Amino acid sequence: MKLIEIGTARSEHSGRVDGMLQVGWLPDGSPMDIPVTIVRGREDGPVVWIHGCVHGNEYCGTFTIHKFLRELDPAGLKGCVVALPALNITAFQKNQRMSPFEGYNGGDLNRCFPGKVDGTLTEQIAYHVYRHLRAHATHLIDFHTAFTPDTRWALFAPPSGDQGKVAEGMARAFGFANTLPTPLDILGGSALTVAAKDGIPGLIVEAGGVGSAFAPETVADAAERLRNVLRKLEMLPGAVTDCPMTFFSNFAWVNTTRGGLFRAAVKCGQALKKGDVVGRYYDVHGEMVEESASPHDGIVLAVSGWPVMPSGEILVHIGLNPRAA
């Protein structure tokens, strides 16, 4: 078997190896390392790259990857799984979206791929991750969360062509009903779209909410759906389950135009018509001061779970122009 070497994780035989990949340096001069696991079967085949915590407080993906790996038997696997369960490690350690060491540079790792060897901290993390992803991966699965535990939707890329068919097959096997065939001119700097442009089909999975806003059942469900993707890629034995899906053309973020105590009036997966109430604002005396209406028809992909917010916060995320697929 060809050697796969990612940091200290070196694999050229069937089995599992764990190691660490240095992606930068900490302020005290010690290395900034992230965990890597490589699981190889007895035969060569696809190399599925799976990572989580691109945003450091999206822990549901980390737990999903760990559960999937614990239950993955190399003896039954064809090909290889490369897993990095905690990509944005300093943000992961601080339970926040972006690294605490990003002061003036933005720092959203999902907008920094393929990275720069001499860029900002987050650009350097992206560089050290992506050079290995591009060298080894045939397929990508990128785990994220939104705000609330009921978040369940996905994106695949490229949206068309031969690799688009592969990516769509992965999405259908994962089976979240609401899914975006992702145009390559959105989510610039995401691992998904950068990899798609390099010929690597992939998924972003949005499952569960930030921090502790997810359940063991969500983790178990996502791990099983991940196994179904590997069955679709003929890496694991067994029948493939395909699910009916709703595709949408794009998405829209709706931001708050005022602040206050907030109570959502919609749930993830709910159909919306323009003008439907999505939530209500209350003042500090408990009086309702405004209803917020949807500016679009579509499907609720994510809705804020925060009980209080200033103006300008994300209120709701809407999938546009839904259609049965």
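The values are calculated or read from the model by the stated rules, or taken from the named source; none is laboratory data. Predicted model, so just to flag it, every value in this text is computed and none were measured. Because the Cβ atoms are built from the backbone with ideal geometry, glycine has one as well, and the counts that use them run over all protein chains shown. Side chains are part of the model used for accessible areas, which takes the heavy atoms of the whole protein and leaves out ligands, DNA and RNA. Shrake-Rupley method; radii C 1.70, N 1.55, O 1.52, S 1.80 Å.
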(message) When the residues of segment 131-147 are narrowed to those that are in a loop (DSSP other than H, G, I, E, B) and among the hydrophobic types (A, V, I, L, M, F, W, C), which ends up least open to solvent (accessible area, probe 1.4 Å)?
(response) 137
(message) Please count how many residues of segment 302-311 are open to solvent by less than 60 Å² (accessible area, probe 1.4 Å) and over 11 Å from residue 266 (Cβ atoms).
(response) 2
(message) If the requirement is being over 17 Å from the mean Cα position of the chain (by Cα), surrounded by 15 or more Cβ atoms within 10 Å (Cβ to Cβ) and either at pLDDT 95 or above or within 17 Å of residue 179 (Cβ to Cβ) (or both), which of these qualifies: 240, 219, 229?
(response) 240
(message) Take the conditions open to solvent by less than 50 Å² (accessible area, probe 1.4 Å) and over 28 Å from residue 156 (Cα atoms) and apply them to residue 269. Does it pass?
(response) no
(request) Could you list all residues from segment 297-315 that are of a type outside the set (Phe, Trp, Tyr) and under 20 Å from residue 152 (Cα atoms)? (result) 297, 298, 299, 300, 301, 302, 303, 304, 305, 314, 315
(request) Please list, ordered by first then second residue, the pairs with beta carbon atoms under 9 Å, 6 or more apart or interchain, first in segment 162-176 and on the phi > 0 side of the Ramachandran plot, second open to solvent by less than 50 Å² (accessible area, probe 1.4 Å) and of a type outside the set (A, V, I, L, M). (result) 175/225; 175/228; 175/243
(request) Within segment 176-195, count every residue that is open to solvent by 10 Å² or more (accessible area, probe 1.4 Å) and closer than 25 Å to residue 231 by Cβ. (result) 3
(request) Could you check how many residues of segment 6-21 are open to solvent by less than 40 Å² (accessible area, probe 1.4 Å) and of a type in the set (Val, Ile, Thr)? (result) 1
(request) Sort out which residues of segment 199-214 are open to solvent by 20 Å² or more (accessible area, probe 1.4 Å) and over 13 Å from residue 184 (Cβ atoms), and write them in order of number. (result) 206, 210, 212, 213, 214
(message) Take the conditions farther than 18 Å from residue 175 by Cα, open to solvent by less than 60 Å² (accessible area, probe 1.4 Å) and of a type outside the set (S, T, N, Q) and apply them to residue 252. Does it pass?
(response) yes
(request) Among the residues of segment 148-175, write down those that are open to solvent by 40 Å² or more (accessible area, probe 1.4 Å), touching a strand residue (DSSP E or B) at 6+ places or on another chain (Cβ under 9 Å) and of a type outside the set (Gly, Ala, Ser). (result) 149, 150, 152, 159, 163, 166, 168, 172
(request) Considering only segment 6-16, state which residues are outside any loop (DSSP other than H, G, I, E, B) and over 20 Å from residue 141 (Cα atoms). (result) 10, 11, 15
